[in-house]
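Encoded as structure tokens, the structure appears first; notes follow it.
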Amino acid sequence: MITKYLYDENAYDYHDGGYVQLEQAPGAEHQLNVPPILAPDRVEGNDIFYTVTAQAGETSILPGAKTRTWGYNGSILGPLIKFEMGKTYHVTLKNELDEVTTFHWHGLNIVGPYDDGGPHAPVYPNGERKITFTVDQPAANIWLHPHPCPQTARQVWNGLAAPVIISDQHEESLDLPRQWGVDDFPIVLQDRTYHENQLDYNEDYDVDGTLGRYALINGTVNPVVDVKKPIMRLRLLNGSNRREWRLHFEDFHPFTQIGSDGGLLPEAVELDRIMLTCAERADILVDFSEYAPGQEVILKTDDFNLIKFKIGDFDAEKIELPSPLAKIEEIKVDSETPVFKTVMSGMDDQVRLDGKLFDMQRIDTRQEVNKTQIWEISNTNDMDGGMIHPFHIHGCQFQLIKRNGKEVNPNEHGWKDTIGVNPNETVTIKVRFTKLGIFMYHCHILEHEDTGMMAQIEIFDPKHPIEYHLMSMDHQM
Ligand SMILES: [Cu+2]
């Protein structure tokens, strides 16, 4: 049983000078919003057609006036987008906002830089882009969010983010809760401040990562969930610009982690708390059967009450999880495997990746497709205790080897695309890309990314070289 948060307490976000403590939002409790499941435009055999539209709207969040927000196919966040391994998707990406945006598939193994949806794939106002790809990775909880450079943080703050689930035959064969909104919930963790019920990103901006005063879970403040089944599946996503979530039940009721960023863990892990840095995911099962009808069980982050689970009447159920939970292909490395080193440094406007700021027209490193490299990712800044930088690589899922030469955490044995790196720590990972293209790698504190704590890698096939014409930031915007 894991009974620690597994990160350096000295570097937690609440030590920052600009830290914003969460407060109870005004107004009543609300049933937790559950995003609808996106219906395909059409299905033709193995081919599925979707349309995703970035749009502005209004959302009722606090008492009184509605809040002007952005969303995909709705006023805030987005519908659940479902992909199935082996199927081919044709997605039309439409922009009805009055500024450029991009559609980045965080965690999806997809060709870059245009399909991946990083800053080289702008969709201009009233414009659209069509992408086609076949999903060839295992079941996972990934997500969609904008990635224009350097406006990612503000666009996410305004509401753009959507949960995405990849399923496969193995995951579907498991005895897991899967009634969407009944015993299977997305939990998109965000925080926002409102000014007369409106967002004002510039007013609340913090160069070290913007924090909000109220917790916003799936776009809901003061959320409650009616527990109608003894075992609930919560697909946790840290969708915040900066906030770290240190989740635990009020009574430290244990739960079971079955998945992380890139899919199921090889073995389920028992824990009574979990910390998620920005963009990280965890798929957890909570067994509420020991509570009596009418009881309320509170999920907290630090000392703050986040979600109230109201226990209803249900018949006891047990879930048998197999061991291993999933067979994960191990990426093989040996003493010949090339090592690539990358360094995250600084705080505030001094953040850098390998001593540099991002340049859209500079390729920072190259790696051959389907060839493995070891990446050593360091966080060198320990001033004032330093901070934890969540490191993300586009277009691939990777595997951890060591943290500062030591064993990785028990819930880090699966596929990952984002990892928190403590100050003075080097995390060693195995990276293999299966798709060609140019991909970003960066800190996922969104304001650090926008400041330029980001670089790009070209994944090449020596037999089929591709010439990329990389647009500049000015051209993109
Ligand atoms: Cu950072």
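No value in this document is a laboratory result; all are computed from the given coordinates. Computed from a prediction, not measured in an experiment: that's the story for all the values here. Glycine gets a Cβ as well: all are built from the backbone with ideal geometry, and neighbour counts include every protein chain shown.
Could you pull out every residue, at least 5 positions away or on a different chain, whose amide H is within less than 5 Å of the one on I231? Hs are placed 1.01 Å off N in the peptide plane, and Pro or chain starts have none.
When sequence neighbours closer than 5 places are left aside, the close amide H contacts are F288.
Long-range amide H contacts for S260: which residues qualify at under 5 Å (H placed 1.01 Å from N, peptide plane, sequence gap of 5 or more or a different chain)?
Amide H to amide H, under 5 Å and 5 or more residues apart or across chains, S260 pairs with L265, D283.
By how many nm would the segment from Y124 to F252 lengthen if fully extended, with 0.36 nm per residue of separation less the alpha-carbon distance?
41.3 nm
If one computes the Cα centroid of the range 294-309 and of the range 315-338, what distance in Å separates the two points?
31 Å
Tell me, what ³J(HN,Hα) does each residue in the range 279-289 have, in order and in whole Hz, if you take phi through Karplus 6.51 cos²θ - 1.76 cosθ + 1.60 with θ = phi - 60° and put x for Gly and Pro?
Karplus values, whole Hz, x for Gly and Pro: 6, 6, 10, 8, 9, 10, 10, 10, 9, 9, 5.
Before anything else, pin down the relative contact order of the range 1-122: Cα pairs under 8 Å, at least 6 apart, normalised by residue count, whole percent.
19 percent
For the range 339-476, compute the number of Lys pairs whose alpha carbons are separated by less than 16 Å, excluding pairs fewer than 8 positions apart on the same chain.
Close lysine pairs found across the range 339-476: 11.
Return the Rg/Rh ratio of the range 13-167 with Cα-based radii and a Kirkwood Rh.
With Rg and the Kirkwood Rh in hand, the quotient comes to 1.01.
Take the chain, mark every one of the GluC sites (Glu not before Pro) that falls in a DSSP loop and has at most 16 other Cβ within 10 Å, then report the longest stretch left between them, sites excluded.
Here the longest run is 100-195.
Rounded to the nearest Å, what's the spacing between the alpha carbon centres of the range 344-420 and the range 98-143? Just the number, please.
About 21 Å separates the Cα centre of the range 344-420 from the one of the range 98-143.
Please give every one of the lysines within straight-line cross-link reach of K229, meaning a C-alpha to C-alpha distance under 20 Å, and leave out same-chain neighbours fewer than 8 residues apart.
Within reach: K308, K310, K318.
Calculate, axis by axis, the spread of Cα positions in the chain along the three principal axes, and write the results as whole Å, longest axis first.
63, 57, 50
So what are the range 252-401's ellipsoid semi-axes, whole angstrom, largest first, if each one is the square root of 5 times an eigenvalue of the alpha-carbon gyration tensor?
Its equivalent ellipsoid spans semi-axes of 38, 23, 12 Å.
How large is Rg/Rh for the range 84-192, to two decimals, with Cα atoms and a Kirkwood Rh?
1.00
Could you tell me, in Å, what Rg and Dmax come out for the Cα atoms of the range 130-228?
Just the Cα atoms of the range 130-228 yield Rg and Dmax of 17.1, 49 Å.
Return the whole-Å distance between the Cα centroid of the range 425-477 and the Cα centroid of the range 1-70.
The range 425-477 and the range 1-70 have Cα centres spaced 26 Å from each other.
What Kirkwood radius, in Å to one decimal, follows from the Cα pairs of the range 87-132?
10.8 Å
May I ask you to give the average projected area over all directions of the convex hull of the Cα atoms of the range 139-298, in nm² rounded to one decimal?
10.5 nm²
For the range 348-432, state what percent of all Cα-Cα pairs lands in each successive 5 Å bin, counting from 0 Å until the bin that includes the largest distance.
3, 12, 22, 24, 20, 13, 5, 1, 0
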